[in-house]
Amino acid sequence: MSSNGSSLKGLSHLNDVASQIAESINESSARLYTIVTHYDVDGLAAASILARALMRIERSFMVRVVDQIDKETLETIPKSDYYIFVDLGSSNADLIIKKGFKPLSIIDHHEPLRSTTIANRELQELNPHNFGINGGKEVSASGLAYLVAKKMNSVDHLAAYLAISGAVGDRQEDAQGFVGVNKLIVQEAINNGWVKKTIGLRLYGVPRQPLIKSLAYTVDPLLPGLTYDEAASQRFLEAVGIPAKKSNGSFITYKDLSTDEVSKLATALIKHLLIKGFSPQIANSLFGYIYEFLRESEETQLRYAHEFAQVLNACGRLRRHGIGLAIGLGDRGKLLSLAEALFLEYRRRLAHYISLIRSDSSYMRVLNNIQVLDLKNVVDERMLGSLSSIVVSSYMCDVAKPLISLSHSAQGKIKVSARMHESLSKREVNLGLIIKLATEHVGGSGGGHKVAAGGIIPQEAQEVFVKLVDSLVGKALKKGI
Ligand SMILES: [Mn+2]
């Protein structure tokens, strides 16, 4: 966190509102609380923290996991005596209030994009953007839920694990690690003896899994030529001078490596990424902090923050929220086996989609300035974004053109995902802006960041939308030259 006064002041405001929400939850005589949350890691983790706080004071609750807030979604939420919207809601507060959800607390870290001011008595809103704190970097919804839970005296090691995993899931870390509230939460967890922070190679399954699998299943960043190719991963290791197996025949893991071997492997991987055109920043992001959750069994995937996050991610994207929430509430044993099986299934599906796209060129259509990957009837909308990122970062398409992917969405609509290779990021193309303009033009909605965006459009608008994006990207590219 920046050490200037405004940020400290922001933090104290944040804590004040967290207190107010905690008090209002405590003092309410509601018979049923409803938590509405987003399906991603941060959403599931934040809902879990709040649900545990409610359980501690013996209140009844239900959790509703949604894709986004709109009229149709709000209509599916059953009547309750108290509503807590988390990881979403700030931008739709007007609509939520209009639809009669009260009492209402919104705990969200997305920028509240609304044109009207809302009276205090209608809404308690915990949002860092209201206090000059960057909700994109400094705190996730899970971190905010953690602040509320703390005011309800309901913080323990699991609350900290969830808060850290939520921030990891939302990619709030940069090369220097966490900043702001996230950093404070990690520090608190370390001080309490719940978390150990080390520096290492951030590959999948490190340090437990066979190193071949660590290379072959790392998707963040994607390792071109290695991800989803165990044979290539083995050749890569051998070229670095690291045998795939130990003398006793068991697979070598990251834990088995000497310091010298770790640095040899790190150097080789970073070099590999640089040769493939990755920026030094992305290549170096392979090296970073690893958060070990000391109260989780060493035998499970929940022992490390990045893997904990991936388990929740799989549960959310495969629509098995119940299992993700059970993990968040502290269930282990059988439920954890189910969650780990889901994680395998998620990876298996990604690999399947990738080989499908690789082997059948008819999914990809190349236009003047963009390429369109039509995965309607193939890929669930919740996996479209992750898949598009992999297609672009692993050079499975022409990286000189932004990629627009399509899949079916609920209510007969089309989900759109836009990704652009980072080598294009210096150009004038802003996909967030283009997708917002183009989706709204055809009666849909959308937006996002410069290199990654998404949205929803009506089915019949597909061709108009695609042509419009093609021409907007063309114009933007020309401006850049
Ligand atoms: Mn979030």
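When we screen Ile199, Ile282, Ile275 for residues that are among the aliphatic types (A, V, I, L, M), within 30 Å of Ser7 (Cβ to Cβ) and surrounded by fewer than 15 Cβ atoms within 10 Å (Cβ to Cβ), the only hit is Ile199.
Suppose we filter Asp87, Asp108 for residues that are under 18 Å from Ser24 (Cα atoms), within 16 Å of the ligand (Cβ to nearest atom) and of a type outside the set (Phe, Trp, Tyr); which single one remains?
Step by step, each of Asp87, Asp108 is checked, and only Asp108 is under 18 Å from Ser24 (Cα atoms), within 16 Å of the ligand (Cβ to nearest atom) and of a type outside the set (Phe, Trp, Tyr).
Tell me whether segment 196-207 contains one or more residues that are under 30 Å from Glu138 (Cβ atoms) and of a type in the set (S, T, N, Q). Yes - at least one qualifying residue is present in segment 196-207. Checked against the criterion of being touching a Leu at 6+ places or on another chain (Cβ under 6 Å) and hydrophobic (A, V, I, L, M, F, W, C), the candidates Leu126, Leu113, Leu158, Leu162 yield just one match: Leu126. Filtering segment 247-261 to residues that are within 23 Å of Glu292 (Cβ to Cβ) and either outside the structural domain of Val206 (by TED's automatic domain parsing) or in a loop (DSSP other than H, G, I, E, B) (or both) leaves Ser250, Ile252, Leu257, Ser258. The strands (runs of 3 or more DSSP E) located wholly in segment 282-386 that include 1 or more residues which are of a type in the set (Phe, Trp, Tyr) occupy 287-293. Name the residue that is surrounded by the fewest Cβ atoms within 10 Å (Cβ to Cβ), counting only residues in segment 124-150 that are under 16 Å from the mean Cα position of the chain (by Cα) and in a loop (DSSP other than H, G, I, E, B). Looking at the filtered set, the residue picked out is Gly136.
Could you tell me which of the residues Asp94, Asp170, Asp174 is within 16 Å of the ligand (Cβ to nearest atom) and of a type in the set (D, E, K, R)? One residue alone meets the criteria, Asp170. Taking every residue in segment 130-158 that is more than 14 Å from the ligand (Cβ to nearest atom) and pairing it with any residue that is assigned to a loop (DSSP other than H, G, I, E, B), at least 6 positions away or on another chain, the pairs with Cβ-Cβ distances below 6 Å are Ala149/Val155; His157/Trp194; His157/Arg295; Leu158/Gly330.
Conditions tested, residue by residue: (1) part of a loop (DSSP other than H, G, I, E, B); (2) under 30 Å from Val155 (Cβ atoms); (3) among the acidic types (Asp, Glu).
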position	(1), (2), (3)
Gly193	yes, yes, no
Leu203	yes, no, no
Leu215	no, no, no
Ala232	no, no, no
Lys264	no, no, no
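Scanning segment 407-434 for residues that are in a strand (DSSP E or B) and more than 17 Å from Leu472 (Cβ to Cβ) gives Ser407, His408, Ser409, Lys413, Ile414, Lys415.
Filter segment 231-290 down to residues that are under 30 Å from Ser425 (Cβ atoms) and of a type in the set (Ser, Thr, Tyr), then give me how many there are. Residues that pass the stated criteria total 6. Counting the residues of segment 300-346 that are among the aliphatic types (A, V, I, L, M) and touching a strand residue (DSSP E or B) at 6+ places or on another chain (Cβ under 9 Å) gives 3. Applying a threshold of 8 Å to beta carbon distances and a minimum spacing of six or more residues, or different chains, the list of pairs starting in segment 296-320 at a residue that is farther than 22 Å from Val195 by Cβ and ending at one that is of a type in the set (S, T, N, Q) and assigned to a helix (DSSP H, G or I) reads Arg317/Ser386. Tyr161 fulfils the conditions (1) outside any helix (DSSP H, G or I); (2) crowded, with 24+ Cβ neighbours inside 10 Å; (3) among the hydroxyl-bearing types (Ser, Thr, Tyr) except for a single criterion, (1).
From the list Ile69, Ile97, Ile57, the lone residue that is within 30 Å of Glu173 (Cα to Cα), among the aliphatic types (A, V, I, L, M) and either surrounded by 13 or more Cβ atoms within 10 Å (Cβ to Cβ) or not assigned by TED's automatic domain parsing to the domain that holds Gly455 (or both) is Ile69. Filtering segment 36-64 to residues that are more than 19 Å from Ala167 (Cβ to Cβ) and within 16 Å of the ligand (Cβ to nearest atom) leaves Val36, Val63. Go through the residues of segment 6-18 one by one and say whether even a single one is surrounded by 14 or more Cβ atoms within 10 Å (Cβ to Cβ) and touching an Asp or Glu at 6+ places or on another chain (Cβ under 6 Å). No, there is no match, as no residue in segment 6-18 is surrounded by 14 or more Cβ atoms within 10 Å (Cβ to Cβ) and touching an Asp or Glu at 6+ places or on another chain (Cβ under 6 Å). Has segment 170-179 got at least one residue that is part of a helix (DSSP H, G or I), in contact (Cβ under 8 Å) with a residue 60 or more places away in the chain and touching a helix residue (DSSP H, G or I) at 6+ places or on another chain (Cβ under 8 Å)? No, every residue in segment 170-179 fails to be part of a helix (DSSP H, G or I), in contact (Cβ under 8 Å) with a residue 60 or more places away in the chain and touching a helix residue (DSSP H, G or I) at 6+ places or on another chain (Cβ under 8 Å).
Within segment 389-398, restricting attention to residues that are out of contact with any Leu (no Cβ under 6 Å at 6 or more places or on another chain) and touching a residue at least 40 places away in the same chain (Cβ under 8 Å), the residue that is surrounded by the fewest Cβ atoms within 10 Å (Cβ to Cβ) is Tyr395. Counting only residues that are surrounded by fewer than 17 Cβ atoms within 10 Å (Cβ to Cβ), hydrophobic (A, V, I, L, M, F, W, C) and touching a Leu at 6+ places or on another chain (Cβ under 8 Å), segment 233-261 holds 3 of them.
The values are calculated or read from the model by the stated rules, or taken from the named source; none is laboratory data. On a predicted model such as this, the values are computed, not experimentally measured, just so you know. Cβ coordinates were reconstructed from backbone atoms using ideal geometry, including for glycine residues, and neighbour counts include every protein chain displayed.
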